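No value in this document is a laboratory result; all are computed from the given coordinates. Source: prediction; values computed, not measured. Positions of Cβ are generated from backbone atoms using ideal geometry, with glycine treated the same way; all protein chains shown enter the neighbour counts.
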């Protein structure tokens, strides 16, 4: 973090407030975005590029080039468009694999916005001058993503914090963004499929754009994991948080994505992985409330001497977190038990209860599921005894099954659940391939399978929990 204090910065006018002309320019850009003009121009450019790609270059590469161009356009538009790409990358049942691969990169960093815009959002949301809110704030962001960027700062009492600030135009452009997204998704998927898909997306977007929801999720997950001394969830600073600003404790930490830094400190990656897997297994199988984005950019090791013997893992960014609805958890449990018992009828019946099978599609879906069951029967260790590599291979087969089976569509929450587990096993293979994450997961999975189901509720099992 920069040692330049906010009061010094403001006094020296090193980063002054927006000038009247720059403010007018920003308002014009935000206005064009709110009217949908910016989006229309970007999407028109994408359409023209698509036509050029269609008639030039090797035919074999056209699909990939189109997918990459679409991913870049969504990333430049940020906000709901980048979130749309991330959401679509989850839908293995609807989206072409080549396109999904191009969209996964949308979680990567994007160019930051000027600090003067950041300051304006902070002061508007928190209702006070920046210099009275923080004794220091680094104008260079720690990171910038699809809906916000994060700055290091210090509170007046000296505590180090990280301040997540939403991009200023999103509050104005959300309606126009969603209008363009609805138009595109309906054209791509058709009205029947697009309706439920868009509702799920809009509900999730509303949660992510309200940082108060993220603060609540972080606090609830912290309470659930409070019994594990090796897991750290940054405490939310409520006095410095609002709908578009989220301030949390900042810890000195080493990223999991930098193995060299861990090795330099003498920290065992295998011990770190055991903490990560244990924490996720509890969240997913015991709590039913989980941090749903376990990539290396959201997981850190606290940088302290004790980390050599007892590493503590820091979880950040709870914008993508989910609580499984009780009805979905019940059907997931029944489905796993049916899978373990090779009960094809019971498994397909559960899919019907979840609304996963379109009318008239059951014969094809049953045949595809039977093929998956046959593959599992060929595994001598059984599903619970599979190693991480085999589980990841089966995951790829399941993706292909979902995409290639007409009339099969899974609830978004269930896909997010599966994606989280998939990311976790992929992280394990990268971080410490000698550790078997399945072995660490099984005790919590068995607790989940042994739970007694509550009485069925009258609500739809496909509804997302809030």
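For residue 270 and residue 239, FRET efficiency with R0 = 41 Å and r from the beta-carbon atoms, rounded to 0.05? The partial results should precede the final answer.
On the way: r = 40 Å, r/R0 = 0.97.
Efficiency, from the Cβ-Cβ distance: 0.55.
Looking at the range 160-214 from every direction and averaging, what is the projected area of its Cα convex hull in nm²?
Details: hull surface 18.6 nm².
Orientation-averaged projected area of the Cα hull: 4.6 nm².
Under 14 Å from a label point 7 Å along Cα→Cβ of residue 450: give me every residue in the range 276-297 with its amide N that close.
Correct set: 286.
Stretch residue 186-residue 370 to full length: gain in nm at 0.36 nm per residue minus the Cα-Cα span?
Net length gain for the segment: 63.0 nm.
Can you give the extra length, in nm with one decimal, that the chain gains between residue 303 and residue 47 once fully stretched, where that is 0.36 nm per residue apart less the Cα-Cα distance?
Values: separation 256, 0.36 × 256 = 92.16 nm, distance 4.79 nm.
Full-extension gain reported as 87.4 nm.
Of the listed peptides 39-49, 64-74, 229-239, what is their order by residue-averaged count of other C-beta atoms within 10 Å, with the highest listed first? List each step's numbers first, then the result.
Working: 39-49: 14.5, 64-74: 18.8, 229-239: 17.1.
Output ranking for 39-49, 64-74, 229-239: 64-74, 229-239, 39-49.
Could you calculate the contour length gain from residue 442 to residue 157, that is, 0.36 nm times the residue separation minus the distance between their Cα atoms, to one decimal place in nm?
Extending this stretch completely gives an extra 98.1 nm.
Take the Cβ-Cβ distance between residue 337 and residue 212 as r, set R0 to 41 Å, and report the resulting FRET efficiency rounded to the nearest 0.05.
Working: r = 38 Å, r/R0 = 0.92.
In this case the efficiency is close to 0.65.
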